[in-house]
Amino acid sequence: MALDLSALESWLWEAACVIRGPVDAPKFKDYILPLIFLKRLSDVFDDEVKHNAAEFGSEAMALKLIEQDHKLVRFFIPKVARWPEIARRTTGLGEYLTDAVRAVARENPRLNGVINVTDFNATQAGQRTLDDGRLTTLVQVLNAPDKRLGLDDVDRDLLGDAYEYLLRKFAEGQGSSAGEFLTPPEVGRLMALILDPQPGQTVYDSNCGSAGLLIKTHLRLVEKCGVRKNGTTRLPANLAPLRLFGQEINPATFAMARMNAVIHDMEAEIALGDTMAAPKFTSAEGALRRFDLVTANPMWNQKFPAANYENDTFDRFTRGVPPTSSADWGWVQHMDASLTDTGKLAVVLDTGAVSRGSGNQGSNKERDVRKAFVEADLVEAVFLLPENLFYNTTAPGIILVVNHAKKHPGEILLVNGSKQFSKGRPKNFLDDAHVAAMADAYLKWQPAEALAAVITKADAAKNDYNLSPSRYVSVGEQVEVLPLDEAVVELREAEEERDAADRELEKVLKKLGL
């Protein structure tokens, strides 16, 4: 009998909890996710052998032909890595599993650096990180006879949902580093509704983490254009799927992204590397490749030296050099440079990205870049999100929408979604009604009390290009107090500007002989 989502989630979390104690929270996902992935690959391989047997007369003949021609199956799983062989092991399991996933990677180059990133035999301070006893218990939990992950046992959409559930559970327990691999799924759904993907479009995430935002755009297209058949929604054969591209700097997270895409049965080109220093998606001429849509959640307020911007060879920072204290508008400019002439992007940033520097006397790097985007009529909308949504911070965050083909030229929609949430533990969350309310505000494009306002470029200029939704949309709260992290960023930028002014003054004094 096919597993439902609740049973699937409970089973996978039970398996994860087998190793939750002896392995640190940031690490235990590195053991359970590759094993679930391997079991899925193995169970699907077994199903494909059976399906081929109907054509070739027997499973033995089908397996013999598959071993000769691996193209008969999507992924060829060597005997050493097939789940029944793994489940039979009673000794030396750590070494055996490590050899097994390496064998899968050798036979399937697309999975190299994906399935084989974990050493199941690893030691720490002379002791095994996860001993064979716990590994055996974990394998046996996954080996429950009524719990297969094959084609006929679990729908790919349910398996994808369960995989995302695990990622969320890991993120909730991981603390400050969790946001590096997962954006809250409901935030990703809101971004996908805003982007409104169309068949055949290209979608890019410059900081893709576990690829959740890319997957959300795919799921939105399927939701909008798909047809229901045999209990599963699919795109019709005459509609082109999205072409998905992402880059991730962390090798372990890169592996999770690739696994996540395969679990969802999606084709996604994921590259490993530092996007700001060396973007991987470029043309034959060395220019940035351009995409129809960009969706991203880069690390907020990253600190990059000015040389990163000043020595850029991709012509990305044409609207101003960001301060070294926050790369938020550096990331926006990279994404904007990666858009086609009619492209649109939605990016999650720190709230200060749309307000810092406004009202200050003199120049301010972030405000000046923001002004350039507004004056070029590229900023389409800003959404203020509720507090305590994200896994690595309690700060609210914003979604900035930049559009090269705005439907309402000269206007900017500001949505104050600070009250659009349900209380949760340990994190708040957006339910379907909250996501719908904010998405509808964008689609309807009209003011809504305590939710949305539409301003003009002139209005933005009057407010010195402060685009914080709370400035324009009241939800009955007291005047905002600047959060400490934003105050620190502003202070660092002020210090940076003071140092630059001091250097200029010193040059002038030298010329005067003083």
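Where a number appears in this text, it was derived from the coordinates with a stated rule and is not lab data. None of the values given here were measured: they were computed from a predicted structure. Positions of Cβ are backbone-derived with ideal geometry, glycine not excepted, and every protein chain shown enters the neighbour counts.
In table form, for the structure just shown:
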read-out	value
Folded to 0 to 90 degrees: helix 484-511 orientation relative to the chain principal axis, Cα	50
Descending semi-axes in Å of the stretch 340-409, equivalent ellipsoid built from Cα gyration tensor	22, 19, 9
Scattering profile of the stretch 5-154 at q = 0.16, 0.21 Å⁻¹ [log10 I(q)/I(0), Debye over alpha-carbon scatterers]	-0.89, -1.38
Cα-derived Rg to Rh of the stretch 271-329, Kirkwood definition	0.95
Ala452 long-range amide H proximity, modeled H, under 5 Å	Asn416
C-alpha long axis of helix 328-337 to longest principal axis of the chain, angle in °	70
Quotient of Cα Rg and 2.2 N^0.38 Å for the chain, N being how many residues it contains	1.07
Rounded tilt (10° steps) of 365-375 against the dominant C-alpha axis of the chain	90
Across Lys303/Lys511; Lys371/Lys407; Lys280/Lys365; Lys365/Lys510; Lys419/Lys444; Lys344/Lys371, pairs whose alpha-carbon gap is larger than 25 Å	Lys303/Lys511; Lys280/Lys365; Lys365/Lys510
Kirkwood Rh in Å, taken over all unlike Cα pairs in the stretch 348-463	15.1
Residue-by-residue Karplus 3J(HN,Hα) for the stretch 390-402, coefficients 6.51, -1.76, 1.60, Hz, glycine and proline x	7, 6, 10, 6, 8, 5, x, x, 10, 10, 9, 10, 10
Theoretical gain in end-to-end length, Glu269 to Glu223 [0.36 nm per residue, Cα-Cα removed]	14.4 nm
Computed [θ] at 222 nm, helices only, for the chain once each DSSP H run of length n ≥ 4 contributes -39500 (n - 2.57)	-13500 deg cm²/dmol
Potential extension, Gln68-Glu85 segment - 0.36 nm per residue separation minus Cα distance	4.1 nm
Rounded FRET efficiency, nearest 0.05, which uses the C-beta distance separating Ala461 from Asn250 and R0 of 51 Å	0.80
Karplus-derived 3J(HN,Hα), 6.51/-1.76/1.60, for each residue of the stretch 376-382, Hz, glycine and proline x	7, 6, 9, 6, 9, 7, 9
